[in-house]
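The values are calculated or read from the model by the stated rules, or taken from the named source; none is laboratory data. Treat the numbers as computed from the prediction; the structure is a model and nothing was measured. Don't worry about glycine lacking a Cβ; one is built from the backbone with ideal geometry, like all the others, and counts go over all protein chains shown. Areas reflect the complete protein model, heavy atoms only, side chains present, ligands, DNA and RNA absent. Shrake-Rupley method; radii C 1.70, N 1.55, O 1.52, S 1.80 Å.
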2 protein chains.
Amino acid sequence: MFDFVSAIGGLAAILTTVSFVPQVIQSYRTRDLSGVSLTMYSIFTTGIGLWLVYGVFKQDWPLILANSITFCLAGTMLFLKIQQSIKK
Amino acid sequence: MFDFVSAIGGLAAILTTVSFVPQVIQSYRTRDLSGVSLTMYSIFTTGIGLWLVYGVFKQDWPLILANSITFCLAGTMLFLKIQQSIKK
């Protein structure tokens, strides 16, 4: 039972982390970020950064790993969005 | 020390949850979802749904609360994006 629950948690972590990959690829290729909220990615990237700090304090490796990847992906989205906002 | 770390975790949870509010408001108002990835929100909403199931199994109320809210917000984004995709 414990392993089943852990598997759900693990799958949840993988999906929420991996989900940003198609968004980054689409945004990088098309450079179309008009519908993407700058405020969202500013707050979200900060939040993921704090999850990472929390993981480091807790020495929780799955938390550190998942949030490091998400931080890079969300950070890339934020960078692309700021870049587009400056150009306009 | 424990309280400080818990505060970081709590703030992280609040920020990552709340971050989707400006995205949903912007998308609802403008109906501009061209730059938003359908694949991202499909995978992300599924992942958050699994986090919710995980929280229910663990009887972890902060996890249940945060993921219920995020599930509704991400689900709204997914709905708006599918709606826009059908119209095209």
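Details
- The gain in end-to-end length when the A:S34 to A:I69 segment is fully stretched comes to 10.2 nm, 0.36 nm per residue minus the alpha carbon separation.
- A loss of 40 Å² or more of accessible area (1.4 Å probe, protein heavy atoms, ligands and nucleic acids excluded) relative to the isolated chain is seen in these residues of segment A:1-25: A:V5, A:I8, A:A12, A:L15, A:T16, A:S19, A:P22, A:Q23.
- Heavy-atom accessible surface of A:I14, to the nearest 10 Å², is about 100 Å², with a 1.4 Å probe and all protein chains retained.
- A Cα-only calculation for chain B places Rg and Dmax at 14.9, 54 Å.
- Accessible area buried by the pairing of B and A, both sides summed with a 1.4 Å probe, works out to roughly 3200 Å².
- Rounded accessible area per residue of chain B, 1.4 Å, Å²: 54 Å²
- Shortest-first nm distances, A:T39 label point to equivalent points in other copies (7 Å, Cα→Cβ): 2.9
- Stokes-Einstein translational diffusion, the protein assembly as shown - Kirkwood Rh over all Cα pairs, 0.890 mPa s, 25 °C, in µm²/s: 149 µm²/s
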